[in-house]
Amino acid sequence: MTNSANEIVTRGPRILKPLNGQSIDLATFKRFKFVLSDPLQIETRDIYDIISGTFQWEIVDTQDSCVSYIRTKCTNYRVFLITSGVFGRNIVPLIHDLPQVYGIYVYCANVFYHQQWAKLHYKVRVVCNHDDLYLVPQFAADVAQANNDWGNALLNAGKCNEAKEKFKKAMENINKYARCADPVMINEIKQNLKECETMLSLLKYCTTRE
């Protein structure tokens with residue numbers, strides 16, 4: 001089910017639910033990939049670069065190139081796609097079930113029309129015509145959850161410093177851009193960050209004792 005602009009307006013403030021936690025295999029996983037598919041936009045707003053943590057967005061201006069890029073170039077990535085409604089209606093059914101596709105965000109003028117097809121695809125996280133109110137907070141919450149997943153994988157691999165940075169990035173996104181994020185997710189990230197700091201303190205103590 002999509003988190004739509006209409007739902008937000010009629011129900012008032014709501015909790016930004018993240019996607020369920022998904023394990024990451026560090027042996028094959030490379031990093032996140034952020035894709036913009038909208039013929040009317042040639043660059044992203046600064047806020048998207050800050051939330052994603054990168055200025056290197058892949059901007060595709062045709063539907064075929066978007067589908068081809070995600071299918072062939074993003075196999076070992078976790079893909080976030082922001083698309084127009086017109087493009088999304090045709091692109092989403094073709095890429096939705098690919099394992100590398102994580103979250104899809106539809107920015108359009110006719111919200112009600114595009115909600116009709118989007119509600120059939122659970123990876124479509126939001127359909128809206130006001131990105132500051134609806135798209136940005138949901139995007140920030142989802143990137144936070146993805147960073148939490150990545151941090152968990154790093155922590156399990158004993159890479160505490162790297163894991164700590166992912167958990168810190170997750171909390172930064174929540175604190176700045178997703179203040180209504182799911183409390184369960186927030187508590188989990190805080191606990192993970194605390195565990196990292198405890199392990200790093202213990203390692204430092206053991207090192208100084210040698």
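Computed from backbone phi with θ = phi - 60° and the Karplus coefficients 6.51, -1.76 and 1.60, the 3J(HN,Hα) list for the stretch 170-176 is 4, 5, 4, 4, 5, 5, 8 Hz; x is used for glycine and proline. Amide H contacts of F32: R78, each under 5 Å away and 5 or more positions distant or on a separate chain (H built 1.01 Å from N in the peptide plane; Pro and chain starts excluded).
Database remark: amide H of V101 closer than 5 angstrom to the amide H of V79 (H placed geometrically; neighbours at sequence offset of 5 or more, or on other chains; Pro and chain starts carry no H).
Residues whose amide H falls under 5 Å from that of N129, counting only those 5 or more places apart or on a different chain, are C108, with hydrogens built in the peptide plane.
Gain on full extension, evaluated as 0.36 nm per residue between Q116 and S23 minus their Cα-Cα distance, stands at 30.4 nm.
Looking at the stretch 37-112, which trypsin sites (Lys or Arg not before Pro) are in a loop (DSSP not H, G, I, E or B) and have at most 16 other Cβ atoms within 10 Å?
Of the trypsin sites (Lys or Arg not before Pro), the ones in loops of the stretch 37-112 whose Cβ has at most 16 other Cβ atoms within 10 Å are R45.
For a paramagnetic label modelled on K190 (point 7 Å from Cα along Cα→Cβ), amide N atoms under 11 Å away belong, within the stretch 153-184, to 183-184.
Take the residue pairs K33/K204; K119/K190; K166/K190 and return only those whose Cα atoms are more than 23 Å apart.
From the list (K33/K204; K119/K190; K166/K190), the Cα-Cα distance tops 23 Å for K33/K204; K119/K190.
Per-residue 3J(HN,Hα) values for the stretch 88-95, derived from phi via the Karplus relation 6.51 cos²θ - 1.76 cosθ + 1.60 with θ = phi - 60°, read x, 4, 8, 6, 4, x, 8, 10 Hz in sequence order (x marks Gly and Pro).
Only Cα pairs under 8 Å and 6+ residues apart enter the sum, and on that basis the relative contact order of the chain stands at 24 percent.
Read the figures in this text as sums done on the coordinates, not as results from a lab. What you are looking at is a predicted structure, and each value in this text was computed from that prediction instead of being measured. Please note: Cβ atoms are built from the backbone with ideal geometry, for glycine as well, and neighbour counts cover all protein chains shown.
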